[in-house]
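The structure appears right after this line, and notes come after that.
What follows draws every value from the coordinates through simple rules; no lab data is involved. As the structure is a computational prediction, the values presented were derived from the model and not from experiment.
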Amino acid sequence: MIHIKENKCDFCGTCVAVCPVDAIEMAEAELKIIHETCIDCDICVWICPIDVLENQNVIGSEVSND
């Protein structure tokens, strides 16, 4: 699930423009992730120039070498 890490979004619109399923909206100086639509592709996370977005599914996960 994509999460807005901090309230530091500068509303550049880059994440909105690259989302392949239109799961990000900006309205009245607020960024909103539509979780029902989001496919967790992480494109918005990678493209954000100020690192405001993160995928909570991978936070704290560890890679196992088993």
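At 0.36 nm per residue, and after removing the present C-alpha to C-alpha distance, how many nm does the segment from Asp42 to Glu28 gain when stretched out fully? Show your work: numbers first, answer last.
Details: separation 14, 0.36 × 14 = 5.04 nm, distance 2.41 nm.
Value of the extension gain: 2.6 nm.
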Sequence order, the range 39-50: Karplus ³J(HN,Hα) from phi using 6.51 cos²θ - 1.76 cosθ + 1.60, θ = phi - 60°, Hz rounded, Gly and Pro as x, gives 10, 6, 7, 6, 4, 5, 5, 5, 8, 4, x, 10
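Tell me the Kirkwood hydrodynamic radius of the chain in angstroms, computed as one over the mean inverse distance between distinct C-alpha pairs. Let's see the in-between values first.
Numbers: mean 1/r = 0.0803 Å⁻¹.
Radius from the Kirkwood sum: 12.5 Å.
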Asserting the computed 222 nm helical MRE of the chain (DSSP H runs at least 4 long, -39500 (n - 2.57) per run, divided by residue count, to nearest 500) equals -3000 deg cm²/dmol
